[in-house]
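One structure is given below, encoded as structure tokens.
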Amino acid sequence: MTPCEITAAVTAVANFISCNFTDEQIDLLGAIFVQLGDTLATISAQNALCDSVAKESSSA
């Protein structure tokens, strides 16, 4: 997918959610998706750090 296709898809999902869920449910889903994004970023950063440390160890 291109960046434009990704943002269009995310917007479509957000519009669907906003039309079919209560404000309280939307708030909860928003919090869940923020936590998901933060957790994925943490995992990715940890993986990058471990890869960097492994490369430094193997070249030393």
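The values are calculated or read from the model by the stated rules, or taken from the named source; none is laboratory data. Source: prediction; values computed, not measured. The accessibility values were calculated without ligands, DNA or RNA, using every heavy atom of the protein model including side chains. Shrake-Rupley method; radii C 1.70, N 1.55, O 1.52, S 1.80 Å.
Tabulated results
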{"item": "Mean residue ellipticity (222 nm) of the chain, computed from DSSP H runs ≥ 4 via -39,500 (n - 2.57), nearest 500", "result": "-33000 deg cm²/dmol"}
{"item": "Read-out Cα Rg over 2.2 N^0.38 Å, derived from the coordinates shown; its label in [x] 1.25; [y] 1.72; [z] 0.96", "result": "[y]"}
{"item": "0 to 90° range, to nearest 10: angle between helix 23-59 axis and the chain longest Cα axis", "result": "10 degrees"}
{"item": "Protein accessible area in the chain, 1.4 Å probe - carbon and sulfur %", "result": "67 percent"}
